[in-house]
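See below for the structure under consideration.
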Amino acid sequence: MLWIALHTLRGRRVSFAGAFLTLVFGVAMISASGTVIAVSGDGKSTAGPAARTALAEAGSLLALFAGIGGFLTVFIVASTFSFTVSQRRRELALLRMAGAGPGQVRRMVLAETTVLGTAAAAAGALLGVPLTSVLGDVLVWRQVLPAGIELPLTPSRLVAPMLVAFVLGLAVAILGAWPAARRAGAIRPVEAFREAVVDTRPIPRGRRFLGVLGLAVGLGLMVLLPRVPPDGQLPLALFTAQPIVVGLALLAPVFVPRLTGLVVAPLAAFTGASGLLARENLRAAIRRTASCAAPVLVTIGITGSLLAGTSSGQRGGRVRRSSTRRNCGLLGTTWTQLCRASAPQC
């Protein structure tokens with residue numbers, strides 16, 4: 001099965017390019033974030049109180065973005081392998097007809113994932129080394145880290161984050177491809193005789209339940225958000241969109257083909273047969289259409305929530321700094337100096 005997996009990856013390298021690049025940049029981000037956290041953690045013992053606070057906040061921020069990067073990588077890898085399995089249904093059915101069992105087909109897809117994930121994780125871990133310096137400069141430029149901080153990138157500090165990023169990248173790849181591997185193993189040999197591949201199967205009940213549950217959790221968090229204290233609104237706002245996006249991605253086979261059909265309808269009126277063919281193709285290949293739309297849906301949703309959350313946090317920070325300056329100014333000269341000594345944002 002390993003030889004077949006390598007042959008498939010060579011023959012369909014364009015189809016797997018998106019998953020490969022996503023894994024490379026995801027692992028690079030995890031490696032660079034882990035290195036900055038490790039190096040900045042070593043500097044907390046010699047830093048002052050303000051620097052220690054900045055280093056702790058930077059570590060929390062990087063851990064958050066690394067987690068979101070891994071979350072997005074899982075979805076994109078899952079969608080890529082789901083799309084390729086949908087394209088290869090007849091090929092996999094022929095393998096079943098030739099004597100391959102469901103377990104062998106699953107292991108073949110997982111072997112493809114392992115080879116792809118190993119290469120991408122290794123490249124991403126190496127790319128994380130130069131990315132660490134760039135990430136540190138960006139954090140200093142955005143005033144997240146102190147201006148004079150140094151990030152000594154010695155081999156002893158680089159090895160552990162690179163190994164952790166490599167293992168996490170490979171695990172994320174296998175986790176993302178596991179549903180597609182199960183679906184590939186469930187293909188029946190008789191499907192090789194189909195003249196046309198029309199996917200009209202409903203999505204499983206478990207997937208429907210998880211999709212509705214994700215939407216309910218996300219809407220509940222949106223209702224809860226105004227009632228949370230100001231200090232807790234930013235972290236909650238960053239995570240509010242994730243269950244909603246996950247729910248929509250799980251339910252994508254239900255509404256995406258219909259929605260795309262409505263979008264393509266005006267195009268079909270002007271282009272004639274080609275537009276009509278595109279619309280009917282989107283409606284017929286339900287899972288393939290949903291696999292293409294899910295990464296875009298997840299990426300836009302998470303990016304929008306991050307931009308909205310950080311914008312809200314910046315507005316709240318400006319309001320708090322303005323209130324602190326106003327209160328300091330009302331206390332008089334001597335008390336203002338004491339206030340500024342205890343609250344540098346004055």
- Task: Name the one entry in V263, V245 that is open to solvent by 30 Å² or more (accessible area, probe 1.4 Å) and modelled with pLDDT of 75 or more.
- Result: V263
- Query: Restricting attention to the range 4-57, which residues are at pLDDT 75 or above and not in a helix (DSSP H, G or I)?
  - Reply: R12
- Task: Quickly run through the range 13-37 and pick out the residues that are over 22 Å from V144 (Cα atoms), crowded, with 24+ Cβ neighbours inside 10 Å and among the small types (G, A, S).
- Result: A19
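The values are calculated or read from the model by the stated rules, or taken from the named source; none is laboratory data. A quick note: this is a predicted structure, and the numbers were derived from the prediction, not measured. Here Cβ is always computed from backbone atoms with ideal geometry, including for glycine, and neighbour counts include all displayed protein chains. All accessible areas refer to the heavy atoms of the entire protein, side chains included, with ligands and DNA or RNA removed. Shrake-Rupley method; radii C 1.70, N 1.55, O 1.52, S 1.80 Å.
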